[in-house]
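Taking it in order: structure first as structure tokens, then the write-up.
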Amino acid sequence: MSGFWTLVGFEYKKILGKPRVQLTLLLAVLITAFSVGATLLGSYYLEGRPYETHYEAMVKDRDYARALSGRPLDKELIMATVRAYGQIPQADTYQATEEYQTIARPYSSLYGIVRSVFNTGSKRFNMEDFQALTPAQAEGFYTTRQERLEQMIRQTQMGEAAKTQVLNLSEQVKTPLTFAYTESYTRFFVLINTLGLTAGFVTAICLAPLFAGEYTSGAAQLILSSKRGKNKLIAAKLLTGFSLAALISLVLSALTFLLSRLIFGGEGAGAPLQLYLIFSPYPLTMGHTALLLALAAFLACLMTAALTMVLSARLHSPFAVIILISALLIAPMLGSVSEHNLLLYRLYHLFPTQMTALWSVMDPIQYELPGLVVKPYVFLPLFAAAVSALLTPLAYRSFKHHQIG
């Protein structure tokens with residue numbers, strides 16, 4: 001067994017000893033760290049003049065949100081928000097008014113949540129409508145939300161069992177919602193898709209030569225002509241590939257999460273997901289959602305590693321492997337598929353980079369199997385794990401039985 005781990009260590013040295021790999025890993029860490037705080041660079045302009053830096057705006061809005069944290073988002077709080085926004089006079093840029101900055105801005109986080117429930121495709125709920133929102137509308141806020149959610153679900157092409165499951169889940173969401181400051185989590189949600197792309201691309205660069213490099217160097221002839229040891233060496237390569245991909249995903253995810261908490265604040269784990277996605281039917285907290293997203297990103301990275309190793313075992317050029325994996329990662333991000341074609345819509349979300357997006361993992365559209373309805377945040381990680389498991393022996397056999405001559 002010690003010989004096997006020696007082989008694993010040797011494979012790690014071969015990969016990590018390459019300058020291009022070291023540079024790629026360093027750039028991945030730097031890009032990930034930079035992306036967390038990138039929105040705080042620069043200034044916010046009002047009427048053509050800098051008003052405050054983005055960092056100052058974040059700190060100010062964070063203090064306002066923290067002052068409201070712990071309060072139920074009920075009729076009383078909604079009407080307090082309406083009264084505050086009612087003080088804003090008519091203006092081309094209402095954010096430039098003193099009334100907004102001193103009276104209404106402390107409620108700006110609530111404004112976005114409340115407005116989205118009354119904003120429909122047929123009628124935009126603008127500032128004037130919000131200022132005229134009545135106590136009766138505020139009282140019926142959650143009824144309106146539920147009615148709109150039910151309408152959205154009923155209009156999908158899902159089967160009745162799937163629709164029933166989603167609506168039953170929605171009924172488990174506790175209302176009124178308790179407001180909380182959640183910026184560190186929402187920032188993580190936004191970044192996780194980019195993180196998935198970065199982790200997948202770095203994995204491809206690191207693992208593309210794992211088998212293909214042996215062909216180009218001529219070492220494959222020596223390995224495959226050996227009567228003993230080649231099985232152990234191939235297994236060591238596969239373990240190296242999966243473990244390195246796991247480390248890449250874990251390090252980038254942990255770095256993003258920790259920096260988000262450090263920069264934006266650590267609270268909000270127990271806040272309901274609906275503070276960010278008001279129409280989400282899932283009774284999940286921000287912390288649970290972050291964990292599920294990180295798990296999906298982790299297994300998507302392992303699936304990318306498995307695909308990379310299969311291609312590496314079958315092709316003679318590491319460069320060709322990198323090109324193919326890059327196309328697989330980037331191409332799905334350039335378009336979209338309508339949910340009116342459920343089969344294509346579900347298949348589209350099975351690409352690695354789609355698997356790491358919040359809107360995929362928390363999609364109300366369920367995966368329907370014979371006699372079974374599976375939530376996306378359960379199906380996607382399981383699918384990635386299953387594909388990884390199925391591709392592993394294919395990579396093993398592709399290299400082992402490669403023709404040498």
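Annotations for the structure displayed:
- Taking the listed residues L307, L347, the one that is at pLDDT below 95, assigned to a helix (DSSP H, G or I) and either farther than 26 Å from F189 by Cβ or more than 15 Å from the chain's Cα centre (by Cα) (or both) is L347, with no other qualifying.
- Some residue of the stretch 324-336 being touching a Pro at 6+ places or on another chain (Cβ under 8 Å), over 14 Å from L197 (Cα atoms) and at pLDDT below 95: no
- Matching residues in the stretch 14-28 - criterion: being surrounded by 15 or more Cβ atoms within 10 Å (Cβ to Cβ) and of a type in the set (A, V, I, L, M): I15, V21, L25, A28
- Just one of the numbered conditions (1) part of a helix (DSSP H, G or I); (2) at pLDDT 95 or above is not true of F279: (1).
- Residue selected from the stretch 133-181 under the condition without any contact (Cβ under 8 Å) to a residue 24 or more places away in the chain and of a type in the set (S, T, N, Q), by the criterion surrounded by the most Cβ atoms within 10 Å (Cβ to Cβ): Q137
- Residues of the stretch 1-13 classified as without any contact (Cβ under 8 Å) to a residue 12 or more places away in the chain and surrounded by 15 or more Cβ atoms within 10 Å (Cβ to Cβ), total: 0
- Qualifying residues in the stretch 369-384 (those that are at pLDDT 95 or above and surrounded by fewer than 17 Cβ atoms within 10 Å (Cβ to Cβ)) - the one farthest from Y276 (Cα to Cα): L382
- Qualifying residues in the stretch 260-281 (those that are within 16 Å of the chain's Cα centre (by Cα) and surrounded by fewer than 22 Cβ atoms within 10 Å (Cβ to Cβ)) - the one nearest to A180 (Cα to Cα): Y276
- Applying the criterion of being part of a loop (DSSP other than H, G, I, E, B) and hydrophobic (A, V, I, L, M, F, W, C) to the residues of the stretch 239-276, the residue that is farthest from V8 (Cα to Cα) is A271.
- Of all residues in the stretch 323-340, those satisfying the criterion of being assigned to a loop (DSSP other than H, G, I, E, B) and in contact (Cβ under 8 Å) with a residue 60 or more places away in the chain are E339, H340.
- Among residues of the stretch 361-372 that are of a type in the set (F, W, Y), those with a Cβ under 6 angstrom from a residue that is in a strand (DSSP E or B), sequence gap 6+ or separate chain, pair up as Y367/V374.
- Pair list, Cβ < 6 Å and 6+ apart or interchain, from the stretch 100-118 residues that are more than 17 Å from R145 (Cβ to Cβ) to residues that are buried (at least 19 other Cβ atoms within 10 Å of the Cβ) and of a type outside the set (G, A, S): Y100/I88; A104/Y85; A104/I88; Y107/T81
- Of all residues in the stretch 150-167, those that are assigned to a helix (DSSP H, G or I) and over 13 Å from F279 (Cβ atoms) total 7.
- Helices (runs of 4 or more DSSP H) wholly inside the stretch 178-238 containing at least 3 residues that are modelled with pLDDT of 95 or more and either of a type in the set (D, E, K, R) or farther than 17 Å from R397 by Cβ (or both): 183-207
- A Cβ distance below 8 Å, combined with a sequence gap of six or more or placement on separate chains, defines the contacts here; from the stretch 248-263, residues that are over 12 Å from G200 (Cα atoms) reach residues that are of a type in the set (S, T, N, Q) and assigned to a helix (DSSP H, G or I) in the pairs L255/T32; T256/T32; T256/S35; S260/S184; R261/S184; I263/S184.
- In the stretch 19-53, the residues that are touching a residue at least 12 places away in the same chain (Cβ under 8 Å) and either under 29 Å from F211 (Cβ atoms) or among the basic types (K, R) (or both): R20, V21, T24, L25, A28, V29, I31, T32
- Extreme residue, nearest to M127 (Cα to Cα), among residues of the stretch 60-111 that are assigned to a loop (DSSP other than H, G, I, E, B) and among the acidic types (D, E): D92
The values are calculated or read from the model by the stated rules, or taken from the named source; none is laboratory data. Keep in mind that what you see is a predicted model, and the values were worked out from it rather than measured. Don't worry about glycine lacking a Cβ; one is built from the backbone with ideal geometry, like all the others, and counts go over all protein chains shown.
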